[in-house]
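What follows is a single structure, written as C-alpha cells, with notes after it.
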Amino acid sequence: MTRSKKRIAAGAGLLTAFALLLSGCSSDASDGTSSASDGKAVVVDAASIAPAGIVGKGKNGEEPALVDKLQLSDADKKKVADGKFSVGISMNTMDIDWSRLTIEGIQKTLTGLGVQVVGVTDAKFKVQQQISDLENLITKKPDAIISIPTDDVATAATYKKVAAAGIKLIFIHMPASGLTYPADYQAVVAPDNQGNGEIAAAGLSKYIPQNGAAGIVDYGVDFYTTNQRTLRVTEWFKQNRPDVKVKTVSFTDTNAVGPVAANFMTANPDVKGLFVIWDSPAMQSVASLRNAGVNIPITTIDLGTEVAVEMASGGYIKAIGAQQPYDQGVAEALAAANALIGNKVPAWVALPPVAVTPGNLLKSYESIFHTKPPQEVLDACKSSGICG
C-alpha cells in the first residue's frame with residue numbers, strides 16, 4: 001500500500017499514534033518462542049539483528065559523530081560553571097518513558113555542570129502549544145534552549161526567533177526546516193532511527209515465511225524521525241527479503257486504533273507479522289489484537305516498561321530497536337554546554353541503536369533506564385522463564 005503522509009500546519013495538533021497489522025502466529029508464553037506459519041519455533045538473538053554501526057545520516061545528509069566528541073575537559077567544565085548559564089527545554093510530549101528519561105538525563109547533567117534549568121514545557125503534540133511554549137521560554141532569556149520540534153515546518157519561524165534572540169539552540173532528533181548550522185542552531189543529537197528500523201525489520205523477518213506478508217503500522221504524518229524508521233524497514237525487506245510483500249496502514253488519531261486494527265485485519269488476513277512505529281502505539285495494538293483474539297508477532301521501537309512486560313511474559317512483542325533516551329539527554333546537555341562556552345559541536349551526533357529481545361531484556365532495561373527493572377518486569381520474567 002502506498003503510504004499517505006499529512007503535513008500538519010501551524011495550529012493543528014499533532015497526535016501520538018498507533019495502529020496495527022496482523023494475522024496469525026501462535027505464541028507460547030512458557031518459553032518465549034513463537035511458531036512461524038511453517039511450524040518452526042522462532043527464537044530471535046539480539047546480536048543477529050543488530051547493525052554493525054550507525055546506519056542513517058542526519059536530516060541534511062550529515063555524517064554521524066559519536067557522543068565522545070561532546071566530552072568536556074576539566075577546564076571546559078570550569079568555564080561552564082563560571083558562566084552561570086541557564087537553559088530552557090521544549091518537548092513535544094512528556095507522556096512516554098522516552099521523554100521522561102530524556103529530560104532526566106538533561107537535567108541531571110546540567111545540574112552537575114552548574115547550569116540552571118529555567119523551564120521544561122510539554123506541547124502535548126500540539127503545534128500551537130509548542131509555539132507558545134517557545135515564545136514564553138524566549139522571554140525568560142535563557143542562554144540556550146534544547147528542543148524537539150513537534151512539526152519541523154510549522155514551528156520553524158518560532159525557532160528562528162530563538163536564534164534571532166541570541167539563544168543557543170540544540171535540537172533533539174531533527175532540526176526545524178530552513179534553519180542552518182551553525183548560524184541558527186549548534187547541534188542535533190539523535191538516535192539512529194534507521195538503525196532502529198533495521199533491528200525491527202530483521203527481527204520481524206524471522207517470523208515471516210517464504211513469500212509471506214508483513215505489515216507496517218505507520219505514523220501518517222510527515223515527521224522526519226518516524227519517516228526514517230519506516231524507510232529503513234521497507235528498504236531492509238527489499239534488500240534482504242524481496243520475497244516478502246510489505247503492506248502499510250497509517251494512523252494520525254490515537255483514538256482510532258480499534259477501527260484501524262479491525263479494518264486492517266479484515267482486509268489483510270495474509271499478514272504474518274507486524275512492525276508498529278513506536279512502543280505506545282504497539283501496546284495499543286496489542287490490546288486491540290488481544291481483545292479480538294488475534295495473536296501475531298510484533299516488533300517496535302523504544303523500550304518502555306509496558307512493552308518490556310509484554311516481551312517478558314512471552315507475549316506479542318518479540319524484538320525492539322531501542323533508543324537510549326537517558327544517554328541521549330546527557331549528550332544533549334553536553335552539546336548545549338559546549339555551545340555555551342564557544343566550542344564547536346558536530347552538526348549531527350548519533351547514538352547507536354540497541355537490539356532488545358527476551359534473551360537480553362533485563363540487561364538492556366537496566367542499561368537504558370539506568371535503574372534496575374521494576375518488579376512487574378521481573379515478575380513477568382520469572383513466570384515465563386525466558387528472560388536473559
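The values are calculated or read from the model by the stated rules, or taken from the named source; none is laboratory data. Remember, it's a predicted structure, so these values are computed and weren't measured experimentally. All Cβ positions, glycine included, derive from the backbone under ideal geometry; neighbour counts span all protein chains shown. With ligands, DNA and RNA removed, areas are computed over all heavy atoms of the protein, side chains included. Shrake-Rupley method; radii C 1.70, N 1.55, O 1.52, S 1.80 Å.
Are any residues in segment 114-124 surrounded by fewer than 22 Cβ atoms within 10 Å (Cβ to Cβ), of a type outside the set (G, A, S) and closer than 20 Å to A144 by Cα, and if so, which ones?
Within segment 114-124, Q116, V117, V118, V120, T121, D122 qualify.
Can you pull out the residues in segment 61-77 that are farther than 21 Å from I145 by Cα and either loosely packed, with under 13 Cβ neighbours inside 10 Å or among the charged types (D, E, K, R) (or both)?
Within segment 61-77, G61, E62, E63, D68, S73, D74, A75 qualify.
Considering (1) touching a residue at least 60 places away in the same chain (Cβ under 8 Å); (2) open to solvent by 10 Å² or more (accessible area, probe 1.4 Å), say which one N211 fails and leave the rest.
Here N211 meets the rest and fails (1).
Which numbered condition trips up D192, out of (1) closer than 14 Å to G58 by Cα; (2) touching a strand residue (DSSP E or B) at 6+ places or on another chain (Cβ under 6 Å); (3) open to solvent by 30 Å² or more (accessible area, probe 1.4 Å)?
The failed condition is (3).
Mind listing just one residue for me: the one in segment 372-388 that is open to solvent by 70 Å² or more (accessible area, probe 1.4 Å) and not acidic (D, E) and, of those, farthest from V330 (Cα to Cα)?
S383
Return the only residue of R241, R232 being crowded, with 24+ Cβ neighbours inside 10 Å and basic (K, R).
Criteria check complete, one pass: R232.
For the condition in contact with a Pro (Cβ under 9 Å, 6 or more places away or on another chain) and of a type in the set (S, T, N, Q), what is the one hit in T266, T225, T230, T252?
Going through T266, T225, T230, T252 in turn, the sole match is T225.
Yes or no, residue by residue, for (1) crowded, with 22+ Cβ neighbours inside 10 Å; (2) touching a helix residue (DSSP H, G or I) at 6+ places or on another chain (Cβ under 8 Å):
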site	(1), (2)
N92	yes, yes
S99	no, yes
T102	yes, yes
K126	no, no
Q129	no, no
S132	no, no
I145	yes, yes
F171	yes, no
V188	yes, no
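Given (1) crowded, with 21+ Cβ neighbours inside 10 Å; (2) at pLDDT below 95; (3) hydrophobic (A, V, I, L, M, F, W, C), where does V294 come up short, assuming only one miss?
Among (1) crowded, with 21+ Cβ neighbours inside 10 Å; (2) at pLDDT below 95; (3) hydrophobic (A, V, I, L, M, F, W, C), V294 violates only (1).
For segment 38-84, give me the residue count where each residue is of a type in the set (S, T, N, Q) and under 24 Å from A200 (Cβ atoms).
1
If I go through segment 134-143 residue by residue, how many of them are closer than 21 Å to V189 by Cβ, open to solvent by 50 Å² or more (accessible area, probe 1.4 Å) and part of a helix (DSSP H, G or I)?
Residues that pass the stated criteria total 0.
In this structure, does S147 turn out to be in contact (Cβ under 8 Å) with a residue 24 or more places away in the chain and closer than 15 Å to I89 by Cα?
Answer is yes for this residue.
Of all residues in segment 74-96, which are part of a strand (DSSP E or B) and out of contact with any Lys or Arg (no Cβ under 7 Å at 6 or more places or on another chain)?
Across segment 74-96, the qualifying residues are S86, V87, I89, S90, M91.
If you scan segment 172-181, which residues turn out to be in contact (Cβ under 8 Å) with a residue 12 or more places away in the chain and either under 18 Å from I341 (Cβ atoms) or part of a loop (DSSP other than H, G, I, E, B) (or both)?
Those that are in contact (Cβ under 8 Å) with a residue 12 or more places away in the chain and either under 18 Å from I341 (Cβ atoms) or part of a loop (DSSP other than H, G, I, E, B) (or both): H173, M174, P175, A176, S177, G178, L179, Y181.
Results for (1) at pLDDT 95 or above; (2) outside any loop (DSSP other than H, G, I, E, B), shown as yes or no for each residue.
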position: W98; (1), (2): no, yes
position: I146; (1), (2): yes, yes
position: T158; (1), (2): yes, yes
position: I170; (1), (2): yes, yes
position: A183; (1), (2): yes, no
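Being assigned to a strand (DSSP E or B) and either of a type in the set (D, E) or under 30 Å from N343 (Cα atoms) (or both) is true for just one of V188, V217. Which residue is that?
V188
(1) touching a strand residue (DSSP E or B) at 6+ places or on another chain (Cβ under 6 Å); (2) among the polar types (S, T, N, Q); (3) not in a helix (DSSP H, G or I): which one isn't true of S285, the others all being true?
Exception for S285: condition (3).
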